[in-house]
1. Given the DSSP H assignment, sum -39500 (n - 2.57) over each helix run of at least 4 residues in the chain and divide by its residue total; what's the result at 222 nm in deg cm²/dmol, nearest 500?
2. Below 8 Å, C-alpha to C-alpha, sequence gap of six or more: please give me the relative contact order for the range 1-62 in percent.
3. Sort 21-34, 55-68 by packing, meaning the average of other beta carbons within 10 Å per residue, with the highest value first.
4. How large is the charge dipole for the range 7-118, taken about the Cα centre, if only the Cβ atoms of Lys, Arg (+1) and Asp, Glu (-1) carry charge, to the nearest 20 debye?
5. Nearest 5 percent is fine: what portion of the DSSP beta bridges confined to the range 7-118 is antiparallel?
6. What order, most packed first, do the peptides 42-53, 89-100, 115-126 have when packing is the mean number of other Cβ atoms within 10 Å of each residue?
7. Run the numbers on the range 7-118 and let me know its relative contact order in percent, using alpha-carbon pairs under 8 Å that are six or more apart.
8. Taking N as the number of residues in the chain, what value does Rg over Cα atoms divided by 2.2 N^0.38 Å take?
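No value in this document is a laboratory result; all are computed from the given coordinates. This structure is a prediction, so every number in the text was calculated from the model and none was measured. Virtual Cβ from ideal backbone geometry, glycine too; neighbours counted across all protein chains shown.
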Amino acid sequence: MQQARTALAERIADSRAGAGDPRALVGEMRRSVLLVPSDGGGGLWSAHSGGVRWICAFTDEEALAEFAVQRGAGERPLEYAALLGARIVDEIVPGLGEPAGLAVDIATEDGSMFFPPVTGIVPDAAAVDVDVEGAGRGR
């Protein structure tokens, strides 16, 4: 039996369908408890793509389980942390010392969403669209 989608998963679906308010999507991400798998070495699971380190997080245990199956973990338990999206983007991302963003539900077909390291998602100090003096680019 498939469980009901979380509020964030619903907002992601709306956004992918071309509907919804992007600010509301970011707000929902910040309010949501996300499941972030351990990388096996005491850190959070992440992947590098396009010059960005993406912290991988999941909206619920079903989405996390799909990721585990795709990664070949099978029936082995996957350790994870339950973290507020706001904590990930406000505290963890800036502490990584490199461009980093949040990738949500990456194993869910037609249900993933990427929150890049830009102003309005991460703090200005960690945003790639802010120049050294702190003035935004293209604002």
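1. The helix-only estimate for the chain comes to -6500 deg cm²/dmol at 222 nm.
2. Averaging sequence separation for qualifying contacts and normalising by length gives 29 percent for the range 1-62.
3. Values: 21-34: 16.3, 55-68: 21.1.
Ranked from most to least packed, the peptides come out as 55-68, 21-34.
4. Details: 9 positive and 17 negative charges, 71 e Å.
Around 340 debye, computed over the range 7-118.
5. On the way: 14 of 19 bridges.
In the range 7-118, DSSP labels about 75 percent of beta bridges as antiparallel.
6. Averaged packing, sorted descending, gives the order 115-126, 89-100, 42-53.
7. Computed value for the range 7-118: 29 percent relative contact order.
8. Values: Rg = 15.1 Å, N = 139, 2.2 N^0.38 = 14.3 Å.
Normalised Cα radius of gyration, the chain: 1.05.
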